[in-house]
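The values are calculated or read from the model by the stated rules, or taken from the named source; none is laboratory data. As the structure is a computational prediction, the values presented were derived from the model and not from experiment. Every residue, glycine among them, receives a Cβ derived from its backbone with ideal geometry; neighbour counts consider all protein chains shown. SASA here: full protein model, heavy atoms, side chains in, ligands and nucleic acids out. Shrake-Rupley method; radii C 1.70, N 1.55, O 1.52, S 1.80 Å.
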Amino acid sequence: MINVKLNANLIKKYHQDLVFNYSEYPTKDHWSFRFNSKSYKLALVDWLKKNPTKPIFFYVHIPFCEQLCWFCTCSKFITKDYQKVTDYLAYLYKEIDMLFDFLKKNEIKLNVETVFFGGGSPTILNREDLKKLVDKLKSLFDWSKVVNFTVESDPRRVDEDRLIYNHEVCGANRISFGMQDLDPNVQRRVNRIQPSELFEKILTERVRKVYKEIAFDLLIGQPGQTAESMANTCDRMIELKPTLVQLSLMAYKPWVAKYQIQMLAEGPLPDFLQRKEILEVINHKLEAAGYLRTGFECYSLPESPTTEAFNQGSLHYAASGHQTGGRVNFVGVGSSSMSNLGNDYYAQNFYDLNSYRKSIDNNSLPIFRGMKLNEDDKIRQHATQQMRSYFKIDYDDFRKQFNIDVKKYFEKEIKRMDEWIKDGLVVITDKAIELTKMGRDFSQNLSNIFDKYDPPEKTYEARLETIRKAKEEQAKVMAELHG
């Protein structure tokens with residue numbers, strides 16, 4: 001906390017009103033809405049024919065929750081009517097069949113090493129439907145090659161018995177819990193009551209024995225969060241001992257999610273200085289407890305697979321957080337899911353269920369936007385990924401991958417770092433551009449220097465205009481789809 005107070009001027013100096021996560025680059029607002037099902041099929045053939053043995057991260061989106069959390073801006077639908085889930089699964093299976101029929105027709109097999117069920121909340125699926133979905137996938141690719149299988153889990157909707165079932169019957173070996181915060185007041189203000197004792201009951205010795213990774217998501221910027229409350233949350237979290245803690249900053253977007261306004265009924269959200277102070281508390285607490293910082297927003301125990309991947313240089317940051325396996329390639333199914341074929345292509349499915357279903361009824365993969373990256377995009381994508389995952393840009397790495405001289409290629413960007421160097425946030429040597437320990441909390445801001453589409457000098461208003469235009473294009477695509 002002392003560091004934050006000493007560096008308040010630096011925090012103000014490098015603060016931005018709109019900060020990008022860079023889980024992808026270029027960011028989604030620059031993808032094309034003319035990239036559709038046909039474009040995606042061409043991309044699949046182009047990339048998979050060239051890279052038949054590359055490991056695949058297969059993502060399945062289940063967009064349902066039983067209760068609304070007021071902080072949430074994820075793509076989800078709130079329901080307790082299981083028939084809606086059943087109806088969705090019917091379309092999900094149609095999409096999966098359509099995808100794999102196309103791949104089979106083109107003699108393409110996916111080398112899937114990672115399976116990830118995300119949401120929403122996949123734990124809304126009953127046991128029979130979870131097993132049916134897993135069995136469906138097992139019939140389509142070689143499950144014996146799957147190293148990691150994660151089921152995102154709502155701690156309020158599972159117990160020890162269900163977690164053991166997910167492992168023994170369905171094969172899950174990783175859990176990702178939406179822990180978010182353990183403070184009762186914060187939980188009340190965001191409409192997500194889940195006492196820490198809940199985790200004690202479900203994270204039994206038996207569960208810990210069969211799951212090689214137990215991840216907690218921790219959300220920064222929630223109402224009622226203070227440095228003191230976060231210290232208590234960290235102490236309790238350390239007692240619960242997840243192997244992995246993944247942080248994220250809460251996005252306050254009431255123009256997207258009007259219900260978020262309810263979080264302000266008893267007072268404002270933490271400002272950017274308070275959020276930095278909260279982050280400093282987390283840094284101190286977790287590091288003192290033996291957790292290692294293995295990414296911009298990632299802390300893991302020494303024995304965690306994430307730590308091993310970080311040390312080996314095979315950790316990768318993307319839409320599902322930090323993942324092991326190196327530069328894995330995402331193939332997503334389900335509403336709003338995103339696909340990422342190497343550093344060549346991006347594609348994303350429709351968010352809303354009506355458009356998702358309509359596209360499938362038209363015998364089209366439900367793609368509504370995407371992008372083919374040019375060489376400069378690929379280089380800058382790698383730069384943002386390296387800054388987010390390893391806090392540095394290694395010159396030899398870029399020379400081997402792209403045959404470029406980093407100092408020449410990024411001459412203008414390096415010049416922009418003069419102030420960063422003076423402020424003790426960056427060190428530039430003959431081998432690398434590297435963030436200092438103090439500079440690591442500014443990783444997103446430094447990544448922005450490499451952003452050609454939204455560079456630091458682009459005003460907040462101009463960035464909002466980019467978002468507005470993207471929304472207009474999206475509306476046109478939706479209108480065309482629905483006639």
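Within region 296-308, the only residue that satisfies the criterion of being out of contact with any Asp or Glu (no Cβ under 9 Å at 6 or more places or on another chain), closer than 21 Å to THR436 by Cα and hydrophobic (A, V, I, L, M, F, W, C) is CYS298. Annotation: VAL190 fulfils all but one of (1) within 25 Å of the chain's Cα centre (by Cα); (2) modelled with pLDDT under 95; (3) hydrophobic (A, V, I, L, M, F, W, C); the unmet one is (2).
For region 250-278, filtered to residues that are at pLDDT below 90 and either assigned to a helix (DSSP H, G or I) or in contact with a strand residue (DSSP E or B) (Cβ under 9 Å, 6 or more places away or on another chain) (or both), the residue that is farthest from GLU228 (Cα to Cα) is MET250. Only one entry in ASN343, ASN329 is surrounded by 15 or more Cβ atoms within 10 Å (Cβ to Cβ), closer than 30 Å to LEU42 by Cβ and without any contact (Cβ under 8 Å) to a residue 60 or more places away in the chain, namely ASN343.
Going through (1) over 30 Å from LYS201 (Cα atoms); (2) surrounded by 15 or more Cβ atoms within 10 Å (Cβ to Cβ); (3) free of Cβ contacts under 8 Å to residues at least 60 places away in the same chain; (4) aromatic (Phe, Trp, Tyr) one by one, TYR317 falls short only on (3).
Looking across TYR82, TYR14, one residue alone is among the aromatic types (Phe, Trp, Tyr) and surrounded by 15 or more Cβ atoms within 10 Å (Cβ to Cβ). It is TYR14. Taken over region 437-472, the criterion of being in a loop (DSSP other than H, G, I, E, B) and under 16 Å from VAL427 (Cα atoms) is satisfied by LYS437, MET438. Please identify the pairs in which a residue from region 349-367 that is acidic (Asp, Glu) has its Cβ atom under 8 Å from the Cβ atom of a residue that is open to solvent by less than 70 Å² (accessible area, probe 1.4 Å), counting only partners at least 6 apart or on another chain. The qualifying pairs are ASP352/SER335; ASP352/MET478.
Residue-wise test of (1) over 21 Å from THR307 (Cα atoms); (2) loosely packed, with under 15 Cβ neighbours inside 10 Å; (3) more than 21 Å from the chain's Cα centre (by Cα).
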{"residue": "ASP181", "(1), (2), (3)": "yes, no, no"}
{"residue": "LYS201", "(1), (2), (3)": "yes, yes, yes"}
{"residue": "ARG206", "(1), (2), (3)": "yes, yes, yes"}
{"residue": "GLU213", "(1), (2), (3)": "no, no, no"}
{"residue": "PHE216", "(1), (2), (3)": "no, no, no"}
{"residue": "GLU239", "(1), (2), (3)": "no, yes, yes"}
{"residue": "ILE261", "(1), (2), (3)": "yes, yes, yes"}
